[in-house]
Amino acid sequence: MARVITLCLLLHLQGGSACSQKSDDSELPVDASLTVEGYLRLMGNEPFVRTAIITDDDERYYLQADQEVIDTMWNARSRLKITGRRLEDPEHELPGRYIEVRSWEPATNP
């Protein structure tokens, strides 16, 4: 593990991005408004599954919302456009990007 961290640190110092996550929103402050489009997927292993939206660029955002809202989004069975606020990784959750759902709607396909 220490070797991987050291390698990532060295690559980062040399300007490499082999260990960094691809993200256009990494510069956004926490609580910033964010809109993403994609399809819902279940992520993780039972009993710790989470609903995420996966974008066309294969970016993953875990959803923070009431279960009723998530169930309604699943029932839409279409590509979704979700607007919300960017969250820090909640404690004891999967590492990744999180979005608190404020609104959503079916998106038109590109």
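Coordinate-derived values only; no laboratory data. In this text, all values refer to a predicted model and were calculated from it rather than measured experimentally.
Laid out as a table, the results:
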| quantity | calculated |
| --- | --- |
| Residue-by-residue Karplus 3J(HN,Hα) for region 67-82, coefficients 6.51, -1.76, 1.60, Hz, glycine and proline x | 4, 4, 5, 4, 4, 5, 5, 4, 5, 5, 6, 8, 5, 10, 10, 10 |
| Length gained when the stretch ASN75-ILE54 is fully extended (0.36 nm per residue, less Cα-Cα span) | 5.9 nm |
